[in-house]
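Here the structure comes first, spelled out in structure tokens, and everything after it is commentary.
The values are calculated or read from the model by the stated rules, or taken from the named source; none is laboratory data. Since this is a predicted model, take the numbers as computed values, not measurements. With ideal geometry, Cβ positions are generated from the backbone for all residues, glycine too; neighbour counts draw on all protein chains shown.
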Number of protein chains: 2
Amino acid sequence: MKAFFRDFKLGIIGGGQLGRMLLQACPNFNLYTCVLDPSEDGPCKGLANEYTQGSLQDYQTVYAFGKQADLLTIEIENVNIDALYQLEREGVEIYPQPRVIEIIQDKRTQKQFYLEQGIPTAEFIMVKNREDVKAHANFFPAFNKLGKGGYDGGGVVSLKTVNDIERAFDDPGLLEKTVDVDTEISVIAARSSLGEIRIFPPVECVFNPDFNLVDYLIAPSSLPKDIQQTAETLARKIAQSLSIVGLLAVEMFVTKEGEILVNEVAPRPHNSGHQTINANDTSQYEQHLRAILGLPLGSTKINTPSAMVNLLGEEGYTGPAIYHGLDKLLEIEGSNIFLYGKEITKPHRKMGHVTILNDDTEALKKRVRLVKKVIKVIS
Amino acid sequence: MKAFFRDFKLGIIGGGQLGRMLLQACPNFNLYTCVLDPSEDGPCKGLANEYTQGSLQDYQTVYAFGKQADLLTIEIENVNIDALYQLEREGVEIYPQPRVIEIIQDKRTQKQFYLEQGIPTAEFIMVKNREDVKAHANFFPAFNKLGKGGYDGGGVVSLKTVNDIERAFDDPGLLEKTVDVDTEISVIAARSSLGEIRIFPPVECVFNPDFNLVDYLIAPSSLPKDIQQTAETLARKIAQSLSIVGLLAVEMFVTKEGEILVNEVAPRPHNSGHQTINANDTSQYEQHLRAILGLPLGSTKINTPSAMVNLLGEEGYTGPAIYHGLDKLLEIEGSNIFLYGKEITKPHRKMGHVTILNDDTEALKKRVRLVKKVIKVIS
């Protein structure tokens, strides 16, 4: 048994909302925490035992931060990878492993990995720049995805006709054939440093097409059991082929024909796993800690159906956030709020989320609509 | 809507495990927190935004701490009450109210309150000292309870015959007639500053008679529905008559005849509500925050049966804690661990707790036994 309850420092690279919720689970394991984040006053400020402001892209910053930690993890994959490799060589435990982060942080190597492993995914071609995208206009309708740096709905544009070319990125990335999606689902797998794998049941995502962000999600999924089973098997297979240690969130498209295509994966807690805090035996955050600490993984069983709604900054407001209608929101039976501690709201910025619990799926959907009606993040 | 998300400081008096779990819920409401605790390095150290070491009994310390908070609450009732009254007079919001804390922090005034309000409770007499206890030996078998300062099983002794007299307290307290208890249950009520009341379903406590501490508890209770209903009504009645704002945990005895007697109450989160974190729509900690912030209270619905086991320091070990068998514990399906961040273990010290979730009550009880077998807090 490792002596990680004294003189043991967990370093978390990235200090956004995922880090914040991870930090909320850390006391249960007596973990001493330190966080690195570029912002002066991010969601993890004041919650970690130590908070360091610094660039996640700067070699020296990441190296110095990681060097004083006993175990290093991430809550965002866009991190200086050379620093991570150097730390790993010097004996710092890093989960997920730098090798895995490197594959995933670039959508091109991620896609290449699926091909090599026989993981079903939408057809794609690599593109170097906008000129290159233009040369492949015969591939439209397609999504143009930035190789590196996309996050939270950024780094993706939809190209339907040649008229859309000017919206294409002028940087290396992918052109991915638009598939006829029936449902988007997400499956979160966890693999521990001991090799144990556990899978959270699939959740169904409803996207807001305007912002390319999850509008709300619902769990469990209403898809036929065999499709859900296939999705879980696929998530397990990817976790296994990557030999990842930690969480792996797998976003998938289910086509009208019932075919499952992997969209993309994230090697960390994920927006589609927030509801596990209230609704499952083990939360995704606790599961991530168990996995990277080499502890047995927890049960992923769902105890109550739930829906999760992101609280986005209202269009037209930028400034100190006001949560208008919070009291009306909390009147909704089974609702729980999670604010992210961000002082400034901006249009479409993720300011928090709401989890709604109810045995009845139709009631859940009705309450999602009510949530969206009553609460507005303004300034 | 109060502007409690910026420039608003929540002060928590007491920095033990209840404060620790309360702090884990605070980020969800964007609360800035400060804690006052006598120990240099208590369970809340490093989790609150500010941590002040100081005596909870010292007028000046409590006053100075409270004066810089916008809202003050407690996680232990043994606090200098004059300081709280002075702060209240000066306009600091204090929930639960000093008036309520004063009634409850002395078991004599607490009992007197039950009498006045017609709340059923075990027969008792007031005693001044050991001599006084001796003079009422005809009242045995009885429990001698210290008026003030008892906590976590301390401050209570069982007096069966006159031979036990030397164990009696030589301080003001109660002699309470021993009742023939069939079951002990606990009901946690919440009353908000707007007057709304919500009741968590009763949980059944199984006591360890040697240490007078909860051995484990199980929820929901297996008692007949009408008894549970009566217990809930009683908890509601007490919350109402006290006009408390915040949580009120009501410990009750159910006699073999099905009569319910109130044992004692606590105006704060309670050991018997830990399992709500995983098993209910709303945790007791979130509920307390909602209540004192003047927000609508949350649903108290149970989503899964659960058991809660306190992790006590093993007999014969005093020193830096080691959680022997933690990995075996976490292998138990549906188990979640909560460590309290206490560096030093002592015999019977509460070092953490384990919540076990399972649909089947018999499986829960079996797993409780397994938990107790596999994990030992030693040094």
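Overview of values
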read-out	value
Test: residue in region B:191-208 that is without any contact (Cβ under 8 Å) to a residue 40 or more places away in the chain, closer than 25 Å to residue A:357 by Cα and among the acidic types (Asp, Glu)	yes
Enumerated strands (runs of 3 or more DSSP E) restricted to region B:304-376, each holding at least 3 residues that are more than 21 Å from residue B:203 (Cβ to Cβ)	B:322-324
Test for residue B:192: is it at pLDDT 95 or above and over 19 Å from residue B:257 (Cα atoms)	yes
Qualifying positions in region B:77-128 - assigned to a loop (DSSP other than H, G, I, E, B) and of a type in the set (A, V, I, L, M, F, W, C)	B:79, B:92, B:119, B:122
Residue match in region B:161-172 (condition: modelled with pLDDT under 95, crowded, with 21+ Cβ neighbours inside 10 Å, aliphatic (A, V, I, L, M) and touching a strand residue (DSSP E or B) at 6+ places or on another chain (Cβ under 6 Å))	yes
Out of A:161, A:183, A:233, sole residue that is closer than 22 Å to residue A:115 by Cα, of a type outside the set (Asp, Glu) and over 16 Å from the mean Cα position of the chain (by Cα)	A:233
Residues being farther than 27 Å from residue A:101 by Cβ and among the hydrophobic types (A, V, I, L, M, F, W, C) - total across region A:143-178	3
Contacts under 9 angstrom Cβ, first residue in region A:102-117 being in contact (Cβ under 8 Å) with a residue 24 or more places away in the chain and more than 24 Å from residue A:56 (Cα to Cα), partner among the charged types (D, E, K, R) and part of a helix (DSSP H, G or I), 6 or more apart	A:117/A:237
Region B:323-334, residues that are in contact with a Ser or Thr (Cβ under 7 Å, 6 or more places away or on another chain) and at the interface with chain A (Cβ under 8 Å from one of its Cβ atoms)	B:333, B:334
Filtered residue count, region A:25-46, keeping only those that are more than 12 Å from chain B (Cβ to nearest Cβ), under 17 Å from residue A:68 (Cβ atoms) and part of a loop (DSSP other than H, G, I, E, B)	0
Scope region A:340-366; condition small (Gly, Ala, Ser) and under 22 Å from the mean Cα position of the chain (by Cα); matching residues	A:341, A:352
Flag if residue A:309 is farther than 30 Å from residue A:197 by Cβ and more than 10 Å from chain B (Cβ to nearest Cβ)	no
Number of the exception - residue B:75 against (1) closer than 27 Å to residue A:342 by Cα; (2) crowded, with 18+ Cβ neighbours inside 10 Å	(1)
Qualifying residue in region B:314-325 (condition: in the same structural domain as residue B:194 (by TED's automatic domain parsing), buried (at least 21 other Cβ atoms within 10 Å of the Cβ), of a type in the set (Phe, Trp, Tyr) and in contact (Cβ under 8 Å) with a residue 40 or more places away in the chain)	yes
Qualifying residue in region B:18-36 (condition: in contact (Cβ under 8 Å) with a residue 60 or more places away in the chain and more than 30 Å from residue A:377 (Cα to Cα))	yes
Residue ranges of helices (runs of 4 or more DSSP H) in region A:191-303 with at least 2 members within 14 Å of chain B (Cβ to nearest Cβ)	A:276-279, A:284-293
Candidate set from region A:173-190 (those that are outside any strand (DSSP E or B) and not aliphatic (A, V, I, L, M)); member that is surrounded by the most Cβ atoms within 10 Å (Cβ to Cβ)	A:178
Counted residues, region B:89-141 - those being of a type outside the set (Gly, Ala, Ser) and in contact with a strand residue (DSSP E or B) (Cβ under 8 Å, 6 or more places away or on another chain)	28
Any hit, region A:184-198, residues being at positive phi, touching a strand residue (DSSP E or B) at 6+ places or on another chain (Cβ under 7 Å) and not polar (S, T, N, Q)	no
Sole exception among (1) at the interface with chain A (Cβ under 9 Å from one of its Cβ atoms); (2) modelled with pLDDT of 95 or more for residue B:320, by number	(2)
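Residue by residue, here is whether (1) of a type outside the set (Gly, Ala, Ser); (2) loosely packed, with under 15 Cβ neighbours inside 10 Å holds:
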| position | (1), (2) |
| --- | --- |
| A:87 | yes, no |
| A:91 | no, yes |
| A:101 | yes, no |
| A:105 | yes, no |
| A:113 | yes, no |
| A:119 | yes, no |
| A:128 | yes, yes |
| A:132 | yes, no |
| A:135 | no, yes |
